[in-house]
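Have a look at the structure below, then the notes.
The values are calculated or read from the model by the stated rules, or taken from the named source; none is laboratory data. Worth saying up front: this structure is predicted, and the values here are computed from it rather than measured. Quick reminder, even Gly has a Cβ in these numbers, built from the backbone with ideal geometry, and neighbours come from all protein chains shown.
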Amino acid sequence: MRKNCLFSRNDNDLINFSNLAGRSASTPEQLRRMALQSTLYEPVTRALITSAGIAQGSKVLDIGSGAGDFSFLLADVVGPGGSVVGVDHDPMMIATARDEAEKQKRTNVQFLHADVRSAFLDCDYDAVAGRWILAHLPRADHLLRSLIRYVRPGGTVAFQEFDRRLTGATSLNPSDLEGLSPLLTRSEAASSPGAGMGLELHTAFLKAGIPAPHLALSAPVGAGPGWLGYDYLAADADHHFHFPRPNDAPTACHADRAISLRERALGAGAAFALPPLVAAHAQLPEL
Ligand SMILES: C[S@@+](CC[C@H](N)C(=O)[O-])C[C@H]1O[C@@H](n2cnc3c(N)ncnc32)[C@H](O)[C@@H]1O
């Protein structure tokens with residue numbers, strides 16, 4: 001029998017998109033960048049899912065689920081006997097995730113439109129997880145403390161975040177990278193709020209009363225004509241700090257830099273490491 005919080009609602013009560021009054025902060029350009037990011041970081045995230053012990057039959061809560069890419073990876077792992085609920089406060093993200101779930105005929109994943117800080121959720125999850133979410137919210141430790149009430153005793157808490165102080169790298173000579181190095185260093189993004197979330201996960205878990213997490217750092221590495229990382233580095237730079245030239249359309253400056261980076265890398269036979277992700281997971285005590 002399922003254990004529910006006093007204030008929880010059933011999965012059947014998940015809100016319909018047509019009823020939503022919320023406004024979206026996401027744009028098609030951001031959705032495209034997120035899709036590219038999810039594709040490139042998929043192996044890195046699958047490694048977290050496996051090491052956190054999320055497995056066939058698990059019931060998982062995905063916080064800040066966006067367009068659903070992390071939820072879909074979780075749903076692949078938990079299989080038909082498990083379930084995933086993604087929660088996001090952006091109606092456009094929820095609509096995109098639900099459309100994709102329908103297109104992929106997924107039956108073990110649902111998306112709930114809610115603010116994670118005030119959502120009404122079941123309290124029998126095997127795991128609460130999130131990727132690229134804690135950096136967006138003030139006081140990650142407070143949020144984590146509020147989230148663990150949704151997880152059963154002995155369940156798992158698993159998160160993955162960038163740390164903007166950790167940058168990408170390339171085997172290109174610095175002289176070949178001239179003018180393009182901000183794509184890798186992201187120096188301005190390093191001082192934005194939440195920029196250090198990756199390495200702060202450890203402290204946030206402890207302050208939230210969660211046992212010290214297992215930590216890992218990993219990054220996608222790629223090269224060659226078909227690698228999507230060149231486009232991602234350019235799109236990510238556009239997103240985090242604008243350095244357009246006069247009269248550049250936003251997409252034109254992204255495309256120009258992606259082409260330039262690809263040409264220089266292919267000419268030199270160079271490889272790139274994208275900015276790494278810090279993964280943290282811990283098991284809650286059994287009662
Ligand atoms: C960078 S996206 C991450 C998407 C997703 N986790 C993934 O891995 O693909 C961050 C998401 O967190 C959502 N978000 C931010 N604050 C939130 C809150 N208080 N409640 C629910 N969702 C929130 C945003 O709407 C956005 O979709």
**Request:** State which residue is farthest from the ligand (Cβ to nearest atom) when the search covers only region 126-136 and only residues that are within 25 Å of R164 (Cβ to Cβ) and surrounded by 19 or more Cβ atoms within 10 Å (Cβ to Cβ).
**Result:** V128
**Message:** Condition (residue is more than 30 Å from L287 (Cβ to Cβ), part of a helix (DSSP H, G or I), more than 16 Å from the ligand (Cβ to nearest atom) and free of Cβ contacts under 8 Å to residues at least 40 places away in the same chain) applied to region 158-177: is it met by at least one residue?
**Reply:** yes
**Item:** Leading residue by the ranking (nearest to the ligand (Cβ to nearest atom)) among those in region 113-125 that are touching a residue at least 60 places away in the same chain (Cβ under 8 Å) and surrounded by 21 or more Cβ atoms within 10 Å (Cβ to Cβ)
**Value:** H113
**Prompt:** What residue, among those in region 55-86 that are assigned to a loop (DSSP other than H, G, I, E, B) and under 10 Å from A129 (Cα atoms), is farthest from the ligand (Cβ to nearest atom)?
**Reply:** S65
**Asked** Among the residues of region 87-112 satisfying the criterion of being within 18 Å of R32 (Cα to Cα) and more than 12 Å from the ligand (Cβ to nearest atom), which is surrounded by the most Cβ atoms within 10 Å (Cβ to Cβ)?
**Response** A101
**Asked** How many of the residues in region 126-139 are outside any strand (DSSP E or B) and touching an Asp or Glu at 6+ places or on another chain (Cβ under 7 Å)?
**Response** 3
**Asked** Are there any pairs with C-beta distances below 7 angstrom linking a residue in region 73-89 that is without any contact (Cβ under 8 Å) to a residue 40 or more places away in the chain to a residue that is more than 9 Å from the ligand (Cβ to nearest atom) and acidic (D, E), with the two at least 6 apart or on different chains, and if so which?
**Response** L73/E42
**Item:** Among (1) farther than 22 Å from P275 by Cβ; (2) in contact with a Leu (Cβ under 9 Å, 6 or more places away or on another chain); (3) modelled with pLDDT of 95 or more, the one test that M92 misses
**Value:** (3)
**Request:** Name every residue in region 141-171 that is modelled with pLDDT of 95 or more and either of a type in the set (S, T, Y) or touching an Asp or Glu at 6+ places or on another chain (Cβ under 7 Å) (or both), in order of residue number.
**Result:** S146, Y150, R152, P153, G154, G155, T156
**Message:** Among the residues that make up region 109-125, is at least one of them closer than 22 Å to D236 by Cβ, among the polar types (S, T, N, Q) and outside any helix (DSSP H, G or I)?
**Reply:** no
